[in-house]
Amino acid sequence: MMSENIRTLIQSEEISLLSREVEQDSREAETFFREMLKQGKGYPDVLFPFSVLLHCSGRQEESRRYMAELVKINDHYEKYKTARTCMESGDRHPPEMSGYPQVRFLALSEQVEKHRDLLERSFFKGELAGEYYLILGRIAQTEGRWRRAFLYYVTAFFASAKKAELLLSLGQLCYAQGELSLAGEALREGYSAHPEHEKIGLELSYVESELGHFDRARELLHVIFESHPDWPDVAYRLAEYYFSENDVGKALDYCEKALTVNPRYYSANMLKFRLLMMKEDPELVGEFIQGIADDSLAGTFRIFHAMKKEEPKESVFALLEKVPGLKDEMIEGLWDDVVRSVSSNYLKGFIRFLQEMKMITEEEALAALKRYIG
Amino acid sequence: MSINDFQLTSMVRRVIVSLGLQTALLDISVINGVAYIKGKIERQDVAVMRIRRDYYYSEELIQEKLSHEYRSTLEALDRQIRIMPGIRGAVYKLKGWERRIGKGWVRIHGES
C-alpha cells in the first residue's frame, strides 16, 4: 500500500543509502533526458531538467549553454530566468534554518528536523539543488519507486525550503496511486499556504471532485478560471460541473468559453451538442454544426440532427454511410442519450429502413427496437 | 449520491495519470456515462526511453517493442475505465491507435 509506503517514518539508513545512490540515479536521469532531447520530445522544456542535472553533476559550462538556449526560446518564464541567474552566480543561496515553512503533512517538518545533521552532510542545498532532487523524484515515480520518490521530494524540500513544490509533488504521488485522502491532505495544506499556486488548485479540484466534494471543486475551478479565462480545460470542467447539476444554461456558457479559446476542443463540442439538443431548438443546433471546425465531428452531429428533424430516411442513411464506425458506436449504446431524443415513431421506421438497406442485421434491428422503443 | 460525469472524468483522468500517460496531450471527458478520450498517447518514462536506447540499431525493433508496451498500457486503460461504476462505454480517438471489436488495439500505420 502506498499509504504505508509514505507514512512510514524516515530512517537514517535510508537517507544514507539515498545519498550514496544519487549519483547513479542522476546518471540514469541524464541518459533519459538526453534521449528525449535526441527525439525532440518535450522540447524546449526538457532543456530545464537536463540543464539542472548537468549543473548539479558539476558540468556547469554545458548546463549554462542549455539553459541559455531555453531562456532564449522562453524568455517570459520567470522560473527559467531565475535558474539561469542561479547558475551564473553559482547557486550559493541555501535556505536559512529559520526560513523553513512548517509542513504538517505527515509531520514532515519534524522528520526533517530530526535528520537535519545527516541531511546537511549528505545533500546539496540551494534553489537548483531543490529542482535537482525534485527531478530525480519524478523519475523515480515514473519507475514506480514510490518510497524513493517520496525521499527525493523531502530532500528537495530540505534543499530549497519550498513547501508548495513538496506538497504538490507528494499530492501528485498519492493521487497517481489512488490514495485520494492522502493526496487531498497534502494538496489542501499546499493550497491554504499558497492559494496563488494554480497547479495545486487545479490538481486539488480533481481530487475534491473524485472524493465527492463537488462544491469545493467548483469553488477552486472558479478561482482558477478568474485568473485564467484562457485555460479551456478549466472552463470545460466548470461546464461538466454545471451539466452534472442539470444547469443547462451555465453548462452551455462555460462550454462556449472553452470553445472560444479552442474551437476544436472535442469534449466541449460534444457536450455543447448535447446541451443544444436538449434545448429543442433545431435552428441553434444547425448553426452550431455549421461552425464546427472538425468535419468528422460535424458529420456525426449532422446525422443525429437530421434524425431529430425527421428528415427523409434515405438522406439520413446517406449521411450515415459517410461516417464509418458510427453505426458500431450506436449499436454499443454510446449515443443512447442522443438517439433517445429522436421521436419513437421516426426511430422505429429508421431502424427498419437500416435493416432493409442491409446496414444492420435483423438481430441488431430487434435489439435496437427493444432498447429504444421497448 | 450516484456517481456523476464530473466525478467520473476525474476518475478517468487519474487512471491515465497512474498509467504514466501525458494528460496534457489528451482531451478527457465523460458525458452521460460514456468516456471520451481524444489525442495522443505518450509515455515519457524510463521504460520507454530504455527501449529506444537498447534497440537504437533497429528502428523496426524499437517500433515493435514500443507497440507492445503501448498496447499493454491501452489495454489496462480500457479495462480500468470500463469497470468503473457509472461508465457504460468508452470512445477513443487516438492518434496512431484504434480499438477494433474482436481485435483489440491496432496500430494505424502512417500515424506516429
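The values are calculated or read from the model by the stated rules, or taken from the named source; none is laboratory data. Small disclaimer: the values here were computed from a predicted structure and weren't measured. Positions of Cβ are backbone-derived with ideal geometry, glycine not excepted, and every protein chain shown enters the neighbour counts.
Quick notes
- Here the stretch A:324-363 is the region considered, the condition is being aliphatic (A, V, I, L, M) and surrounded by fewer than 17 Cβ atoms within 10 Å (Cβ to Cβ), and the residue that is farthest from residue B:90 (Cα to Cα) is A:357.
- Subset of the stretch A:331-372 (residues that are in a helix (DSSP H, G or I), closer than 21 Å to residue B:34 by Cβ and not basic (Lys, Arg)): A:331, A:336, A:337, A:338, A:339, A:347, A:351, A:364, A:367, A:368, A:372
- Residue within the stretch A:219-236 that is touching a Cys at 6+ places or on another chain (Cβ under 8 Å) and of a type in the set (Phe, Trp, Tyr) present: yes
- Among the residues of the stretch A:1-20, those that are farther than 15 Å from residue A:124 by Cβ, free of Cβ contacts under 8 Å to residues at least 60 places away in the same chain and among the charged types (D, E, K, R) comprise A:4, A:13.
- In the set B:100, B:88, B:82, B:53, only one residue is of a type outside the set (A, V, I, L, M), in contact with a Ser or Thr (Cβ under 9 Å, 6 or more places away or on another chain) and within 12 Å of chain A (Cβ to nearest Cβ); that residue is B:53.
- Reported count of residues in the stretch B:1-14, each being at pLDDT below 95 and more than 8 Å from chain A (Cβ to nearest Cβ), is 2.
- Some residue of the stretch A:217-229 being within 12 Å of chain B (Cβ to nearest Cβ), within 20 Å of residue A:183 (Cα to Cα) and not in a helix (DSSP H, G or I): no
- Taken as a whole, the structure places residue B:75 among residues that are at pLDDT 85 or above and under 26 Å from residue A:331 (Cβ atoms).
- When residues of the stretch B:15-29 are limited to those that are facing chain A (nearest Cβ under 8 Å) and not acidic (Asp, Glu), the one surrounded by the fewest Cβ atoms within 10 Å (Cβ to Cβ): B:18
- Listed here are the helices (runs of 4 or more DSSP H) enclosed by the stretch A:70-179 that have at least 3 residues being hydroxyl-bearing (Ser, Thr, Tyr) and farther than 21 Å from residue A:15 by Cβ: A:78-89.
Conditions tested, residue by residue: (1) at pLDDT below 95; (2) hydroxyl-bearing (Ser, Thr, Tyr).
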{"position": "A:63", "(1), (2)": "yes, yes"}
{"position": "A:68", "(1), (2)": "yes, no"}
{"position": "A:74", "(1), (2)": "yes, no"}
{"position": "A:93", "(1), (2)": "yes, no"}
{"position": "A:103", "(1), (2)": "no, no"}
{"position": "A:106", "(1), (2)": "no, no"}
{"position": "A:119", "(1), (2)": "no, no"}
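- Residue that is farthest from residue A:249 (Cα to Cα) [pool: residues in the stretch A:260-292 that are within 14 Å of chain B (Cβ to nearest Cβ) and among the small types (Gly, Ala, Ser)]: A:267
- Checking each residue in the stretch A:271-292 for being in contact with a Lys or Arg (Cβ under 9 Å, 6 or more places away or on another chain) and in a helix (DSSP H, G or I) picks out A:277, A:282, A:285, A:286, A:288, A:289.
- Counted residues, the stretch B:4-33 - those being among the aliphatic types (A, V, I, L, M) and either out of contact with any helix residue (DSSP H, G or I) (no Cβ under 8 Å at 6 or more places or on another chain) or in a helix (DSSP H, G or I) (or both): 8
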